[in-house]
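The values are calculated or read from the model by the stated rules, or taken from the named source; none is laboratory data. All values reported here derive from a predicted model rather than from experimental measurement. Ideal geometry is used to build each Cβ from the backbone, glycine not excepted, and the neighbour counts take in all protein chains shown.
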Amino acid sequence: MMFTLVKNIEPNVTETTLPMVVATPEPRLVKLVLTKEGDVAFAIGNAKRQATSYDVHIKLQGAAGVVAPILGKQPSDLHIAVLDGEAPVTLRMQGALEEDGPILQVEMISPIWPAASESNSRSTH
């Protein structure tokens, strides 16, 4: 679902906030704050391209939003790279896919990312 949301953001918008119901033991309404981080270079074969990088911050609502950061339970941000165009494609996603889950990186097998970009993508915010 996250991939579909990010692919449908207008490329000229720098920040978007969307509501989302998440499947925790008790369903919870959160806000997703999607912020455009800028462009990141990659290559497919010899063709050099630019993808748009987004940070997705999960903003908890109510008392949970106040207490979670104090208790270290604030969900980690997701980082998503999208190739814009007529048919946008999600190329890479880094973040936890479940509550308290490990930070994973999911990416297309073909793009080649510069070494500096890859080391930056592995850092967590």
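Looking at the structure I just gave you, is Gly101 surrounded by 14 or more Cβ atoms within 10 Å (Cβ to Cβ) and either at pLDDT 85 or above or of a type outside the set (Val, Ile, Thr) (or both)?
No.
Take Ser53 and decide whether it is small (Gly, Ala, Ser), without any contact (Cβ under 8 Å) to a residue 60 or more places away in the chain and touching a Gly at 6+ places or on another chain (Cβ under 9 Å).
So Ser53 passes the test.
Quick check on my filter: what residues within region 75-98 are outside any loop (DSSP other than H, G, I, E, B) and either at pLDDT below 85 or not polar (S, T, N, Q) (or both)?
Those that are outside any loop (DSSP other than H, G, I, E, B) and either at pLDDT below 85 or not polar (S, T, N, Q) (or both): Leu78, His79, Ile80, Ala81, Val82, Leu83, Val89, Leu91, Arg92, Met93, Gly95, Ala96.
Checking Gln50 against (1) of a type in the set (S, T, N, Q); (2) part of a loop (DSSP other than H, G, I, E, B); (3) at pLDDT 85 or above: exactly one of these is not met. Which one?
Here Gln50 meets the rest and fails (2).
Being within 17 Å of Val21 (Cα to Cα) and either buried (at least 17 other Cβ atoms within 10 Å of the Cβ) or among the β-branched types (Val, Ile, Thr) (or both) is the filter here, so list the residues in region 65-75 that pass it.
Listed by number, the list holds a single entry, Pro75.
Restricting to region 50-64, name every residue that is more than 19 Å from the chain's Cα centre (by Cα) and surrounded by 14 or more Cβ atoms within 10 Å (Cβ to Cβ).
Selection gives Ala64 alone.
If we scan region 60-74, do we find a residue that is of a type in the set (D, E, K, R) and outside any strand (DSSP E or B)?
Yes, region 60-74 has at least one match.
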